[in-house]
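Only one structure is covered here, and it is reproduced in the block below.
Read-outs throughout are calculated quantities, based only on the coordinates presented, and are distinct from any laboratory measurement. Keep in mind that what you see is a predicted model, and the values were worked out from it rather than measured. Every residue, glycine as well, gets a Cβ built from its backbone with ideal geometry; the counts of neighbours run over all protein chains shown.
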Amino acid sequence: MDRCVVLVDAGYLLGAAASLLAGEPARSRITVDHAALIQGLRERAEADTQQPLLRIYWFDGAPDRVPQPEHRRLRVMPRVTVRLGALTRSDGRWAQKGVDAAMHAELTELARNRACSDVVLVTGDGDLLPGLMSAKEHGVAVHLWAVQAADGDYNQSEDLVAEADERRVLDRAWITKAVRAKDLGGACAPQPATRPEIAAILSAPLPEAALAASAERASEAAQAAAARSGTPDPAENAPAATGTPTTGHKGVPTPKDLAALRAHATHPDRQQPAQPASATLRWSSDKGWVERGGPLGEPAETASLPTLAQVTSAEQRWADREEDITTVGGDPFEVGQVFARRWMERLPESVHLQKLSTMYPRIPHRIDGELLRYAARFGLLAHKDDQIDEHDRYAIRAGFWREIDVRAAAEHVPAGE
């Protein structure tokens, strides 16, 4: 069959591009325009092979083989098929499992079935050598593409290079049409520029209860340290407290604090810090403690707000899932917008929107939890370095509030400050 197929090892292509542009193979160091990259691969493959493209196969790893936002964007592009292997963590490093085997199987099957006349391999792994040789034996011309190495040396298996029919190097000029290095500004853990909505959430004032709890924890820690060392407790010689917590400590209650409060409420005879047993996190987007109130412990002003699940029919759930698979890319900000749009469109009464708009920047606990569970479908809440990415959470909520604000403005609903 006179047509070409492109098999892309995404780990190699993007890792080598990161080394070339950012100095290290971490894909977090680069930003990729996937639409431009796919278009560039297609145009270059058709020009090199002089054959029309049948398909681009994109091989990559993902935690538990759950598609990440970039995979969701890629797999709905024309002539693109995504194949995912596992992404596992070992000795503090991520490693792909099953990607090479999948590429080998696809290459061999395409050649055996004479599905194409030319195959373009974008990889550097010598494990594909048997598959490359098998494809040649079935009469397929194999084109091997490399990414320009940062140090001018090979970043491909020499045996693979020797066995290929044709070889091309994707240089810096070609790579930078779709890939660019992130401007880190000297930060160890780069983050995108904070949107104004996220900044508003992050700058929400800390309640007095949280400041008091932080100051008390600091005092207890100092007393314990003094007891262990046998030195006098510095608090004994400190001025008497005036009731205003020190501004130098701006922590929030920890899960241990919550557990202690629950234990104290259940067993008041035990020695626990004298704090109100009703204190809790009001909702997960809060940055402090407030008093619990309303029926069943829920704030009265949010108890009547329906969740998205409560206002969604079975037919709408199916349509939502179809939209998630085919249209929603999975960017954190976009996910928040999609969730908010669906929720607002299905609200039975506009009074709910009015009530929510006065609560900015905090999202009621039930709705916030449902929002984050929805975002988990896109892999946004996967553990990264054993910690949940807080920036993604803020971006999700910012997208939610942006959509609420747009709808509130359209309906002349006064939004909260």
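Would you work out which of Ala314, Val328, Ser357 lies farthest towards the positive end of the dipole of the stretch 309-410, given +1 charges on the beta-carbon of Lys and Arg and -1 on that of Asp and Glu, about the Cα centre?
The residue sitting farthest along the positive end of the dipole is Ser357.
Taking only C-alpha pairs under 8 Å that are 6+ residues apart, what is the relative contact order of the stretch 1-114 in percent?
26
Return a whole-number percent for the relative contact order of the stretch 32-179, with Cα pairs under 8 Å and 6 or more residues apart as the contact set.
Answer for the stretch 32-179 is 20 percent.
About its Cα centre, what dipole magnitude does the stretch 1-122 give when the only charges are +1 on Lys and Arg Cβ and -1 on Asp and Glu Cβ, stated in debye to the nearest 20?
Taking the Cα centre of the stretch 1-122 as origin, the dipole is about 340 debye.
Once both labels are modelled 7 Å past Cα along the beta-carbon direction, what's the Trp94-Gln354 spacing in nm?
4.7
Simple spin-label model, 7 Å along Cα-to-Cβ: Ala303 to Thr81 in nm?
5.6
Give me Met344, Met77 sorted ascending by neighbouring Cβ count inside 10 Å, so fewest comes first.
Fewest-to-most Cβ neighbours within 10 Å comes out as Met77, Met344.
Between Asp127 and Glu24, with labels modelled 7 Å along Cα→Cβ, what's the label distance in nm to one decimal, could you check?
Roughly 2.5 nm, to one decimal.
Can you work out the Karplus-derived ³J(HN,Hα) for every residue in the stretch 308-321? Use 6.51 cos²θ - 1.76 cosθ + 1.60 with θ = phi - 60°, whole Hz, and x for glycine or proline.
5, 4, 6, 10, 10, 7, 4, 5, 5, 4, 5, 5, 4, 5
Taking 0.36 nm per residue of separation and subtracting the Cα-Cα distance, what length does fully extending Ala314 through Glu345 add?
Residue separation times 0.36 nm, minus the Cα-Cα distance, leaves 9.6 nm.
Quick check for you: which residues of the stretch 1-33 have the amide N under 16 Å from the point 7 Å beyond the Cα of Asn113 toward its beta carbon?
1-7
At 0.36 nm per residue, and after removing the present C-alpha to C-alpha distance, how many nm does the segment from Asp159 to Ala35 gain when stretched out fully?
41.4 nm
Taking the Cβ-Cβ separation of Glu322 and Arg172 as r and a Förster radius of 41 Å, what is the calculated FRET efficiency to the nearest 0.05?
The computed FRET efficiency comes out at 0.50.
For the stretch 349-358, what does the Karplus curve 6.51 cos²θ - 1.76 cosθ + 1.60, with θ = phi - 60°, yield as ³J(HN,Hα) per residue in whole Hz, taken in order and with x for Gly and Pro?
Values, residue by residue: 9, 5, 4, 5, 5, 4, 5, 5, 5, 7 Hz.
Whole angstrom only: what separates the Cα centroid of the stretch 308-377 from the Cα centroid of the stretch 47-74?
Measuring centre to centre over Cα atoms gives 29 Å.
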